[in-house]
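Visitor: Before I ask anything, let me first share the structure, which is written out below as structure tokens.
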Amino acid sequence: MASLSVKPGQRFSLPDWQNNAHRISADAEHQRSTSHQIRQEARALRNDTGNQARWDECDTRTRLKDRITSVDRWREVLAKCLTDIDLEIDALTKVKEAAEDALQAKNLCLDVAIECLTFRESRRDIDVVRDPVEEELLREVKVIEKTKKELQQRVDEAFKQLCLLKEARQQLDCDHRHKVEALELDQQCLSFNVTSGNISFKVNPTRIPDGTTALREWELNSQCNKDRADAEMKASVELRGAIMLTIAQTNNELEAQRLATEFALRKRIRDMEGALSELRWQEKNTLEEIAEMEEDIRQLEEDLRKRTLDLKVAHTRLETRTYRPHVELCRDQAQFGLTGEVQDLEAAIRALQQKRTESQNALDALYRQLHRIQTDIGYKTNSLQLDNKCMDTRRKLVIPVEKFDPEVDAVNRTRNLPRSGQLEL
């Protein structure tokens with residue numbers, strides 16, 4: 001009789017089997033319907049997002065192009081304004097120099113008038129009289145000084161206007177450079193595409209950076225810079241006209257330098273020669289002390305190098321002895337000696353370094369003092385040369401009139417005059 005190899009499992013009824021098949025079929029139909037709907041929605045979403053992305057990218061490129069056009073237009077305006085203001089600065093600088101030359105040209109007439117007044121002070125007894133010649137000389141001095149004051153005022157106005165022009169130019173140049181940089185960045189942004197190699201995700205790209213300005217504020221800033229530059233250039237043009245008018249009114253007057261008496265000049269020259277002698281003696285001694293100090297510093301550095309080598313030897317010995325095996329690693333007298341040697345060498349090195357620092361500071365102070373001495377020698381040498389030129393100028397007063405060449409004399413007398421034009425009676 002045959003038997004089952006395993007115990008039969010649970011038995012289902014035929015309706016259960018049919019219901020299970022129906023459920024499986026219904027679930028399959030539902031899943032296919034859901035999948036179909038999702039696929040349709042996905043295709044619609046792809047179309048929508050693709051179209052929106054292409055539209056947004058096209059709109060962004062258009063906005064970037066418009067922005068580049070706007071910035072480039074302002075860049076051209078600022079570049080032209082920069083060129084104009086540079087030309088105006090050069091023109092005003094030349095006019096200012098012309099005014100300074102005209103101011104300098106008034107000193108010779110003033111010098112001659114003062115010389116004449118000084119000579120007339122040597123008159124004695126009844127000849128010391130207020131005659132028409134003296135009155136004319138005094139009137140000439142007043143007219144020359146009034147003219148010098150007006151020219152000096154024009155020079156000061158030109159200097160202030162140059163400062164304003166350069167300040168306006170600096171703002172224009174800064175704005176122009178910023179726009180050039182912005183153009184480069186926007187053009188770089190315009191060149192980006194999906195195949196660019198330097199595109200990547202950024203952290204919080206939609207943030208508003210600190211210092212961000214509104215479009216109206218950006219336009220007002222550039223417009224204000226241009227308007228200020230135009231206003232300063234207009235003021236400069238008017239000032240140049242006023243300066244040229246002032247120079248035209250005084251173009252026949254010459255310059256001169258302040259008179260000093262021969263006694264004062266000789267005394268000044270003697271004092272200057274004595275001061276120069278003392279300064280040269282100080283310079284010689286300071287140079288000798290510098291040489292000795294440099295030699296001592298070299299010796300200190302040599303000793304410091306030797307002590308450093310000794311310290312390296314001691315350190316190496318101490319480190320080598322740390323590898324002694326077992327009980328041999330003891331703190332013996334050699335260990336104490338090496339430790340003391342290291343401490344002494346470190347103290348010696350610190351002392352040498354401190355002394356080297358002190359010596360270097362002293363050497364620096366000597367060099368500074370030498371620079372002061374040599375500078376003062378240069379100043380006094382220059383002053384002595386100027387005083388000697390003044391003495392030569394004084395000697396020209398005795399040259400006969402028929403041998404006196406006013407043009408040559410004016411050139412020789414005014415070649416080394418300061419350009420500040422601040423000479424006073």
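The values are calculated or read from the model by the stated rules, or taken from the named source; none is laboratory data. Source: prediction; values computed, not measured. All Cβ positions, glycine included, derive from the backbone under ideal geometry; neighbour counts span all protein chains shown. Ligands, DNA and RNA are stripped out before the accessible areas are found, and what is left, the full protein with its side chains, is counted by its heavy atoms. Shrake-Rupley method; radii C 1.70, N 1.55, O 1.52, S 1.80 Å.
Visitor: For Arg11 and Ile38, what does the FRET efficiency come to when R0 = 35 Å and r is the distance between their Cβ atoms, rounded to the nearest 0.05? Write down the numbers at each step before the final one.
Guide: Numbers: r = 40 Å, r/R0 = 1.15.
After rounding to 0.05, the efficiency reads 0.30.
Visitor: Could I ask something else about it? Would you mind calculating the gained length between Thr69 and Arg305 on full extension (0.36 nm times residue separation, minus the Cα-Cα distance), in nm to one decimal? All intermediate terms of the calculation are to be shown ahead of the outcome.
Guide: Working: separation 236, 0.36 × 236 = 84.96 nm, distance 6.75 nm.
Residue separation times 0.36 nm, minus the Cα-Cα distance, leaves 78.2 nm.
Visitor: May I pose another question? List every residue whose amide H lies under 5 Å from the amide H of Lys106, counting only residues 5 or more places away in sequence or on a different chain, with H placed 1.01 Å from N in the peptide plane.
Guide: Under 5 Å from the amide H of Lys106: Glu255, Ala256.
Visitor: Given R₀ = 41 Å, what would the calculated FRET efficiency be for Arg139 paired with Thr93, taking r from the Cβ atoms and rounding to 0.05?
Guide: Numbers: r = 35 Å, r/R0 = 0.85.
That gives a FRET efficiency of 0.75.
Visitor: Can you grab the distance from the C-alpha centre of the stretch 186-211 to the C-alpha centre of the stretch 223-251, Å, no decimals?
Guide: That distance is 47 Å.
Visitor: Separate question: Can you tell me which of 48-58, 223-233 comes out highest on packing, and rank the rest after it, using the mean Cβ neighbours within 10 Å? Kindly include the intermediate steps, with their values, before the conclusion.
Guide: On the way: 48-58: 10.2, 223-233: 17.0.
My ranking of the peptides, most packed first, is 223-233, 48-58.
Visitor: Please give the contour-minus-distance gain from Ala53 to Thr339: 0.36 nm per residue of separation, less the Cα-Cα distance, rounded to one decimal in nm. Each step should come with its number before you reach the end.
Guide: Details: separation 286, 0.36 × 286 = 102.96 nm, distance 7.72 nm.
So the chain would gain 95.2 nm between Ala53 and Thr339.
Visitor: Taking Cα centroids, how far is the stretch 38-83 from the stretch 338-365 in Å?
Guide: Comparing the Cα centres of the stretch 38-83 and the stretch 338-365, I get a distance of 69 Å.
Visitor: Just by accessible area at a 1.4 angstrom probe, what is the order of Leu164, Leu151, Leu352, Leu14 from largest to smallest?
Guide: Working: Leu164 65, Leu151 0, Leu352 35, Leu14 110 Å².
In descending accessible area the options line up as Leu14, Leu164, Leu352, Leu151.
Visitor: Let me ask something additional. How much solvent-accessible surface does Ile199 expose, in Å² to the nearest 10, with a 1.4 Å probe and all protein chains in place?
Guide: Counting only protein heavy atoms, the figure is 80 Å².
Visitor: Could you tell me the relative contact order of the stretch 138-246? Use alpha-carbon pairs under 8 Å, at least six residues apart, and round to a whole percent.
Guide: Relative contact order comes out at 61 percent.
Visitor: May I pose another question? Given points 7 Å out from each Cα along the Cα-Cβ axis, report the Glu273 to Arg350 separation in nanometres with one decimal.
Guide: 5.8
Visitor: If Leu64, Leu363 are ordered by their accessible area, calculated over protein heavy atoms with a 1.4 Å probe, which sequence runs from highest to lowest? Don't skip to the answer; put the middle values down first.
Guide: On the way: Leu64 35, Leu363 10 Å².
Of Leu64, Leu363, the descending order of accessible area is Leu64, Leu363.
Visitor: Hey, another quick one. Could you check the simple spin-label distance between Leu164 and Leu190, using points 7 Å along Cα→Cβ, in nm with one decimal?
Guide: About 3.9 nm separates the two model spin labels.
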